[in-house]
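Remarks on the structure that follows.
What follows draws every value from the coordinates through simple rules; no lab data is involved. None of these values were measured; they are calculated from a predicted model. As a convention, Cβ positions derive from the backbone with ideal geometry for all residues, glycine included, and neighbour counts pool all protein chains shown.
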Amino acid sequence: MSDARNNPPPNDWEKTRPNINLPETEEADRPDWDKTNYNFPKQPEADEWGKTVMNIKPIETGRDYGKTMYPGAAKQPNSDWAATKAGLNNVPDTDFGAADPSGGYEKTTPYFQLPEAERAKYQKLPPTAAEQAAKEAEEKRARGGIPGWVWIAAGGTAVFLFFLAVLGVVAFFFLWRDTTFDASVRSAPPGSDVLVDDVPSGLTSEDGSIRLPNLKAGRRTVKIVHPNYVCEPQEVWVGKESIVARCQQVAKQATDDCENIKPGEEDKAERCYYQALSDLPDPFTPEQLVRALSILIINFESGRFDVPPKRLAALQKGAEYIKKVTPPDTVLEVGGHTDNVGNAASNKTLSENRAESVKKVLVGYGVRPETLQTRGYGADKPKADNTTDLGKFFNRRIEYSIVKKL
């Protein structure tokens, strides 16, 4: 044992040959490694390495990565990855290295044909039409503008209003067209004529109001007509059944001759009456007041004693001044007069009734009853000659006088 460890057998390894049948044509000067080739075909020269085809089949792993093409495979698999295979068979002649370091690299042609979207990441390319449109839309949103919801809301509102308009028209023709409503006028000059759509509809009462019944549905134009007032036309409809008159008194005209009033000029006499009252001093005396009040001509109808409606507004204005007379316990007489036509007794009774009618109107406008007393004179105190029509006209009158003054 000791000799075997100290004296190992001679090294015959270099003389050992693998148990491989070498071809008889093997040349003696080939390298030992090449001589130990295990039945492989003859290998190509090193400078032809690029032409080497490995006799290895692709490995199927069941995943996309396993479809990678290995050299020597029978055919290329159908896969997304295959779309990026290197274009090795068609490599153009290219400048791979330019002297100018700033631009040489950009001349290099890649070995791979990348998709357009991927290629844009690595090269400065102009944007496509779709990209330019998207960029402009983004810039417009950044600058602001009318949001889309505003247009949607506006469209919905327009549709809703159109629906209401159509509904209103249908309701008018089928529901409201044949209905009626009542209206009223307030604060008009007493005795004014009231017209609805130019159709006479009555006279205002002593308090300046009037009721307009059974008006047809829809807008109706109301006009107030008075000889010595100008009133603004107004409209009434269902929902606005009441209006307040807006009227202005007509001033005395420059052509009005208040010293010569003839039959048929009662409206002119009223304008002179208004002017005389407005010209009274403050305070005024009872004498000044009765002269102004007596200018008004109340043209009673023959045989009647009710005050004509057109003179109610004038009496309302006179009542305002009578209430201010001083001293407060002054008593005024309202005297009624007639012409000489007819029975004297009847004329006296008629004149008394006419005076009472005037007093009643004045008391209705706020004059204290004890301030006024009445008396009928008939034809006993004529103012003019009863033989002419003009004289008779002046004799048919209401005349004021002072009964008591302290």
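For Thr204, nonlocal amide neighbours, meaning residues 5 or more places apart or on other chains whose placed amide H falls under 5 Å from its own, are Gly191, Ser192, Val194.
Using a 10 Å cut-off on Cβ atoms, rank the peptides 301-309, 184-192, 219-227 from the highest mean neighbour count down.
Working: 301-309: 12.9, 184-192: 22.0, 219-227: 18.0.
Most protected by this proxy first, the peptides run 184-192, 219-227, 301-309.
More than 26 angstrom separation, counting every C-alpha pair in the stretch 226-362; what % is that? Let's see the in-between values first.
Working: 3250 of 9316 pairs.
Counting every Cα pair in the stretch 226-362, those more than 26 Å apart make up 35 percent.
Couplings 3J(HN,Hα) for the stretch 308-324, derived from phi with the Karplus relation 6.51 cos²θ - 1.76 cosθ + 1.60 (θ = phi - 60°), are x, x, 5, 9, 5, 5, 5, 5, 4, 5, x, 4, 4, 7, 4, 5, 9 Hz, where x marks Gly and Pro. Go through Lys324/Lys392; Lys262/Lys324; Lys252/Lys323; Lys324/Lys381 and tell me which ones have a Cα-Cα distance over 26 Å in this structure. Over 26 Å Cα-Cα: Lys324/Lys392; Lys262/Lys324; Lys324/Lys381.
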